[in-house]
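Here is the structure we will look at.
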Amino acid sequence: MLVLVFSDLGWGGFTAGANRWYLVDEDSSSFYAQETVLTVNTWDGTGSRCSFSTPVDRADYVVRTFSYDPQVDTGYAYYDGTYLVDFADNWLFDAPGLTGLRVLKFPLIVGDTWQATDTCIYPLNTRIPSGGDEDWDGIVDSVYFSPSYATLLYYSGDTADVVVSPYVFTIVYTNTYPDTGSTFICCRELSAHFYLRIRYVNTLGFVHYSIDTIVFYQRHAIVDTSTTPWDTTYVPPSRIATYSDYVIWTYTTTAVSEAKPCITSIFYRLNGRKLTALEDLTLYSYDGRLVGKVQNGSTVLLRPGVYFVRMRKKTVKVVVR
């Protein structure tokens, strides 16, 4: 058993001015991303749900992608004396970006398992307004985060491998449309299970981040309004979709990163909210609903949100902001 007792943000590579490049493979395309640490300061938890009596170290950083659809986002990481929390408030890393992820627990003990979701942004098992109308029915929907567990699989020298199996969050769609008679569906819950793998190297930071698989489960709450109080029946969860080989971030050297960013294969072009098909495509919403088919050369105007684009036998994610 190898044990590391002391740590700080330097273990995660978070020193002011640190600049790292990554090659990002996302299904049929690949591009470069750059992470730059802006500042490292002490933090008492201001602006979050947490309050630290002894200020902790916090690093603020910016991530830029270099592709046909360049994007910029900010995030932060901190070390609270036990956990190194990364990807907080950064949506470019998909699931962890919603809340922050406890990527390492110190001391590092192989086989150790811990609650992976950081709760300084959102509590667990509490419905939170998502801030948007995810299903476009005019009603703001909500989300909640379930317990998710990380395990230290490997630690030797300066390298630590962690898996999160799975990271879970649920979107709650609040529907008021009638079904039949006095019965209607009030809520549709879509749970996303993300299977993550992360490798950290001491003083360098994360050198590998991957979402190997995403599995979606769905259930409904059917309410009978003819009874007092209303009777609610929950339809058992069912698996509705599985996506494999989703995204991989790999640290690359400066020499490689200075090469011109490229895309290995382009099937569509996104300009703002306009998506132009470069071959026949099928477009799905984040919960797997068919949005429509787009013929080669056609352009559609999309609402802000997350979509899946299906072409040939490949599926890729599209984020419209």
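The values are calculated or read from the model by the stated rules, or taken from the named source; none is laboratory data. Remember, it's a predicted structure, so these values are computed and weren't measured experimentally. So basically every Cβ, Gly included, is an ideal-geometry build from the backbone, and we count neighbours across all protein chains shown. Side chains are part of the model used for accessible areas, which takes the heavy atoms of the whole protein and leaves out ligands, DNA and RNA. Shrake-Rupley method; radii C 1.70, N 1.55, O 1.52, S 1.80 Å.
The residues in segment 126-145 that are part of a loop (DSSP other than H, G, I, E, B), closer than 26 Å to Arg58 by Cβ and either at pLDDT 80 or above or within 15 Å of the chain's Cα centre (by Cα) (or both) can be counted, and the count is 2. Looking at segment 245-260, is at least one residue under 27 Å from Tyr173 (Cα atoms), modelled with pLDDT of 85 or more, under 17 Å from the mean Cα position of the chain (by Cα) and surrounded by 13 or more Cβ atoms within 10 Å (Cβ to Cβ)? Yes, there is a match, as at least one residue in segment 245-260 is under 27 Å from Tyr173 (Cα atoms), modelled with pLDDT of 85 or more, under 17 Å from the mean Cα position of the chain (by Cα) and surrounded by 13 or more Cβ atoms within 10 Å (Cβ to Cβ). Among the residues of segment 47-89, the ones that are farther than 22 Å from Trp11 by Cβ and in a loop (DSSP other than H, G, I, E, B) come to 9 in all.
When Tyr149 is tested against (1) farther than 25 Å from Tyr243 by Cα; (2) open to solvent by 30 Å² or more (accessible area, probe 1.4 Å); (3) of a type in the set (Ser, Thr, Tyr), only condition (1) is not met. All conditions in (1) farther than 30 Å from Cys187 by Cα; (2) of a type in the set (Ser, Thr, Tyr); (3) over 15 Å from the mean Cα position of the chain (by Cα); (4) open to solvent by 50 Å² or more (accessible area, probe 1.4 Å) hold for Thr74, with the sole exception of (3).
Hey, does segment 105-112 have a residue that's among the acidic types (Asp, Glu), in contact (Cβ under 8 Å) with a residue 24 or more places away in the chain and surrounded by fewer than 21 Cβ atoms within 10 Å (Cβ to Cβ)? So far as segment 105-112 goes, yes, one or more of its residues are among the acidic types (Asp, Glu), in contact (Cβ under 8 Å) with a residue 24 or more places away in the chain and surrounded by fewer than 21 Cβ atoms within 10 Å (Cβ to Cβ). Tally the residues that are touching a residue at least 40 places away in the same chain (Cβ under 8 Å) and closer than 19 Å to Tyr122 by Cα, restricting the search to segment 59-89. Final tally of qualifying residues: 5.
Is it true that some residue in segment 86-101 is buried (at least 21 other Cβ atoms within 10 Å of the Cβ) and polar (S, T, N, Q)? Checking segment 86-101: at least one residue is buried (at least 21 other Cβ atoms within 10 Å of the Cβ) and polar (S, T, N, Q). Within segment 190-211, not a single residue is of a type in the set (D, E, K, R) and under 19 Å from Asn175 (Cβ atoms). When you scan segment 92-106, do you find a residue that is more than 17 Å from Ile198 (Cβ to Cβ) and in a loop (DSSP other than H, G, I, E, B), even just one? Within segment 92-106, not a single residue is more than 17 Å from Ile198 (Cβ to Cβ) and in a loop (DSSP other than H, G, I, E, B). So, Asp8, is that one open to solvent by 40 Å² or more (accessible area, probe 1.4 Å) and at pLDDT 90 or above or not? Against the criterion (open to solvent by 40 Å² or more (accessible area, probe 1.4 Å) and at pLDDT 90 or above), Asp8 does not qualify.
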